[in-house]
Each structure stands twice: as structure tokens, then as C-alpha cells.
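Just below is one structure, and these are the notes that go with it.
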């Protein structure tokens, strides 16, 4: 029986934008297809085994909680996550979780070190929080597709010279509000500011994550009429 | 001294223009001309003012306090639901034209400081803080920090603080003061098995350790302590025991205040309304009401529009239950579970500014609780399709989910498909639109506010 083993990092702290919706979508779609879905949480102080999971999920959190997690990650999880990323496992960070994937992020006038899995850093700039519906264009190898969601971040994420964005902004702000790019992708390490949660309204991406993490060639078709309508709506409210 | 007659003339002109309308525009205009108008008008109130803030329950709690105080002959000045920023408060003071005894104002949690600085209330009720509209308000911690500034400010030095002992984030605001009136639920028989997904502020604001909960009662409300010992739940002086919830109809409990103990039945459902009633009882106590007045007022409170109000659509009863954030929605869902049999739902999700543009929160609300009990759910509103997906992943079979985005068509579809009573769960602007729709159809009470 095929299997998808998900490790949710800090599900008690990094869950501010209903991140459990993303996990629930993975769980249900696996169950409907007879894929054995396992979910394990890893919170403060808990070490993780890179071999024991196929997908690592990091959601968003309040500033104070994100800082607690950043520190804990360096102490107890960084090496395992780096090994997982090198082994081609999926590491998926959303919002605050995305910022933690980089070298560092700024909080007030302090710089908080991150995992350094991808070449980026997040800074603060004068100007408003970047808030609103957003749509981006991505190509994960199956042709150009659209991700639509909601973004709400004060940080501006600057990609380093070796980092590739996840996609191009069609509507909304993206990484900095001006770069035209959104998110980051290094093989199967993916970071994005799109929450909402992201997967229910972009069901093709949920299936891409399942397929990639579980290393399945293809997935059986499901009745996705409601999901298709939700995707169209999410694109429309993002201005498409 | 010269400003005084000028203000009086302005007030006179604006209040004539304000008439009986429910807008906060006259107050906004007044504040533009006289930024200190709230302070000057409220200073003339013979019994001063009281302010209420919370994420959930402001309107209902204010209605309860009003139901307690008005029969005593106290002439209250209060702002209309929704008009709860400075402009709304100023408008209420204008409308009163100097004829009130006591100001009773619900104040938006984000803008509390500015209003309180002017109002200098006799009593300030801070009832709860839940995750709500992150795109508008920012993080919960931000609101808590702003509230801490309010509590520490000289303008509340003489104010009696009324705080929820069961909300750690709120209770903590009173640590440095010795005259806080705390309220809480003592009865732990309704405790949840653990913290819900949407639970917030579960970590000690002082040391960052997760609170240990001996009982979780509602969201993150409950009986808690910090394992390092630097924060524990204060002992409430106003509290509820022996809570009994009767479906969507009412809630009964034994109320204790410093004046004694009474059995009270509130004609509003759910544990969340027990908390609202305790908040109202505590604030009324701080304002000098007797236990008899409190018990009588709570027993006769009428629901604010959309808060557990039942209307009749032809032969079919429809109960309106406002949902606007995960904690509030979860309490509504928990309350619905107390009903017998299968449930027909009309759920309306809008994403207008007053609802929050970000609809993520529906994934934090535990629709799973109801999934197996739903005969049918009709999803409507500007984000109907996304609500339908939420219902599907909550476990509602797809064939029981109907999507009709347009409100009126959605309502008719829901009514046509219902076999028993219909339960309408609208978000804020959907609730206002539904009110207009029901009013056009002649089923709305004219006094709804």
C-alpha cells in the first residue's frame, strides 16, 4: 500500500492561518485513494528523523511563537531537515514557515537566524504589510499552472543569486511587493506566502505534493467538481 | 472657555442632522471639528460611562447590561452594534442630546485605547480575545499589547477593571492591580477533551511556557496555570456553577456575585452566552446593580439580531446564528449539536471588509463536529465555493452540499430543501444582508439593531 508520512512542525504554534486545512486536504485525498496517510507533529524540543517522513510542513505563526520555533529549529531540527531536503523529501513552508527556510529574517531591529535550506533572507522595510488576495503562475514540471491564495506579511523576502522563485506574480504582492516573484523552490523544498489555506483552493498542487512526496508516478482521479469551482473563485477574487 | 459654546453649537447642528439614523457619520464629523468631543460630552453624564470590549460577544453583552440597568430607571446612552469605533461612540453621545444618565459603549478591540483615553470610563469590561480577522487586526498578541497599554494608562487609573479570569491573555492584564473584578465559569462538567485547533494564547505571556489546562471550556478559555508558577487563573468573584445548556433555546446556571447566589436562565443558547451573561453580571455589579436586578435582567434579555434569533419563514422556523471567527463559530456548532436529529444548514460566507477579506478562518472552525449530523448544507455568499470545499473536507458527503452563491436564491434553495428547522450561519455582512432580505419579506422585527 502506498504511503504518505507527513511531519507537521510546531502544529501547536505555527498554525495561524488555519494551516491544518492544508494538512486535512492531504489526509483526505490520500484516504480517498487508498494511500496510507500518517501525520506526526514535532514541537519544541522534539527531534525529528529525516528518514521517517516524506513531507515536512511548516505553517505560519505569531511573531513571538515564530521566534521560539526559529531558535528551537536550529537546536533540534536543522540537521535533520537539511538531510531530508538533500534526500529529495518535500519540505513545504507557508508564510512564517517560508521565512524560516531562509538564512535569516528580521524581527524589529533583530535578525533571527533561520534554517538556511534555501538562499534567501527576509527583511523589514518601510511600508505597509502586504495583504490581499494573490495569484501566481508556476511551472513545477507539468506546464504552467496557477496558485491562488491570500498573503499577509510584513517581511520582504529577498532571494539570493542561487535561489529560484516558486512563481511569477500575476496579481498581488509576492516576495517583496515589487520583485514580481513569489516564493522559493529548490528541488522539493518549497516556500510561499500564499495561505488561505493554499491547498484546498489549489487542488492540483495538493496532488503534486502527494505524488512527489510519496514518489508515485500518477494518482487516481477524484471527483473534484467542488474543488475546481473553489479554484476558479480563488483566482477570480485575486483579480483573474 | 471659548471652545465650549462652539462645541455646543456644533453638537446641536450635528445632532439635528443625525436624526434617528444608525450611522457613525455625525460623530466622525464632530470628532474632526472637536477631537476631544467624546471626553467633553461623556464628562457631562451624571453616572459616567462604561466600556465593553472583546473579540466575541460585545453586542450581546451590552444588550444584557442594558436589560439589567434600564428597568432600574437608568437612562442609558449606547452605540449601535457595529458602530463601535470613536465615530459611533461620538454619534451616540450626540444623539442623546444630554438626556442620558450612563454611557454604555461597546468598543472595537483594536481602537479601544483612543476611545478610553477620552471616555475615562468608570468601569471597563474586557471579556475575551480570540483569533479574528488577521488581515484587519493583526496578531492576537498585538491586540493584547494594545490592551495592556490601555490598562496601564493614566486614563484608566480610576477605572474599575472587569476581566475574564478564564482567558489567560485577558486575566493577565489585571496582574498589577488589586481591584479587578474577575468573572469565570467554575463548573468544569462541560470541559472539552482538550484545546481545539483554533485555540490561541495558550502560552504564558510572561515566560513563554505552554499553560497547563485543568479544564478547557471554550477555545482557550478555561482553568489553567503556568508550569513555572508565574501565572494562574485568578479566583473569580462573579461566577457560574451547575451550567445547563438547552439546545439553541436557552442556558441556565447558578450565578454567584459578592452579593449572593441565584439560579438564572438566560434565553440565549450555549456556553458562550453563559460567558456573556457572566461578563454582563460582573459589569453590572461594578456599576452598582443589585443581584435581583441582574438576575431579572438576564432572564429577560432579547437576542440581538442574528444572535440566536428565530424567525418563521412560512411554516418553517429559521434560527440565525452569526459566525465570524473560529472560536465563535465553534461555539455555535457545539450549541447546534445539542439539537436532536439531522440538521439543515444555510451557511453564508462573505469576504467583505467587515467580514475580513481573508476567509482562511473557516478551516479553523470545527465543522467536523456537525458533519455526520447534516441533512443538507446550502453554501452561499461571495465565497460559497470555498465554503463548500470546507464542508466536504469536514466530512459532509458531497451530495449533501448545495452551492448557491447569491443570497436570496440560496435562502430559497435552503428553505425548499429543508425537512426540519433551518439553521442560518451567516458571516457579519451576510447577516446584515439577510436582515434586509427578511425585512423586505415582512418577517423582520422593526426593532432589530
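Every number in this text was worked out from the coordinates using simple rules, so none of it is lab data. Since the model is a prediction, treat every value here as computed from it, not as a measurement. For neighbour counting, all protein chains shown are included, and Cβ atoms are generated from backbone atoms with ideal geometry for every residue, glycine included.
Among B:161, A:117, A:100, which comes first, second and so on when ranked by fewest other beta-carbon atoms within 10 Å?
Arranged by neighbour count, lowest to highest, B:161, A:117, A:100 become B:161, A:117, A:100.
The distance from the alpha carbon centre of the range A:116-153 to that of the range A:38-78 is 21 Å, rounded to a whole number. Each part reduced to its alpha carbon centroid, the range B:278-303 and the range B:351-366 end up 33 Å apart. The GNM of chain B, with springs linking C-alpha atoms under 10 angstrom apart, assigns the highest mean-square fluctuation among B:146, B:160, B:206 to B:206. Partner shielding of A:191-197 amounts to 2, given as the average count of beta-carbon atoms from other chains within 10 Å of each residue beta-carbon. Distance between the C-alpha centers of the range B:192-263 and the range B:325-341? Whole Å please. What the calculation gives is 18 Å, centre to centre. Shape class for the range B:49-122, computed from the alpha carbon gyration tensor (a ≥ b ≥ c): oblate, with a/c not under 1.5 and a/b at or below b/c. Each Cα pair under 8 Å and six or more residues apart adds its sequence gap; the mean of these over the residue count of chain A is a relative contact order of 19 percent.
Figure legend: label point modelled 7 angstrom from the Cα of residue A:137 along Cα→Cβ; residues of the range A:158-175 with amide N under 17 Å from it are A:165-175.
The mean number of partner chain beta-carbon atoms within 10 angstrom of a residue's beta-carbon across peptide A:58-71 is 2. Dividing the summed -39500 (n - 2.57) terms of all DSSP H runs of n ≥ 4 by the residue count of the protein assembly as shown sets its mean residue ellipticity at 222 nm at -10000 deg cm²/dmol. When a/c is below 1.5 the answer is rounded, else prolate if a/b is larger than b/c, else oblate, so apply that to chain A with a ≥ b ≥ c taken from the square roots of the Cα gyration tensor eigenvalues. Verdict is oblate for chain A. With the simple model of a label 7 Å out from the Cα in the direction of the Cβ, residue B:408 to residue B:225 spans 6.0 nm. For the protein assembly as shown, the equivalent ellipsoid derived from the Cα gyration tensor has semi-axes of 43, 29, 25 Å, listed largest first. A rounded overall shape is assigned to the range B:307-438, the ratio a/c of its alpha-carbon gyration tensor axes (a ≥ b ≥ c) being less than 1.5. Listed by Cβ neighbour count within 10 Å, with the fewest neighbours leading, B:324, A:201 appear as B:324, A:201. In the range B:187-284, Rg over Rh equals 1.00, where Rg is the alpha-carbon radius of gyration and Rh the Kirkwood radius from pairwise Cα distances.
Sorting B:261, B:256 from the fewest to the most surrounding beta carbons within 10 angstrom yields B:261, B:256. Gain on full extension, evaluated as 0.36 nm per residue between residue B:369 and residue B:443 minus their Cα-Cα distance, stands at 23.6 nm. Highest GNM mean-square fluctuation, chain A, Cα pairs closer than 10 Å: which of A:210, A:136, A:35? Among A:210, A:136, A:35, the largest mean-square fluctuation in the Gaussian network model of chain A belongs to A:35.
Note on B:360-370: average number of Cβ atoms from other chains within 10 Å of each residue's Cβ is 4. Comparing B:260, B:222, B:328 in a Gaussian network model of chain B where C-alpha atoms under 10 Å apart are linked, the largest mean-square fluctuation is found at B:260.
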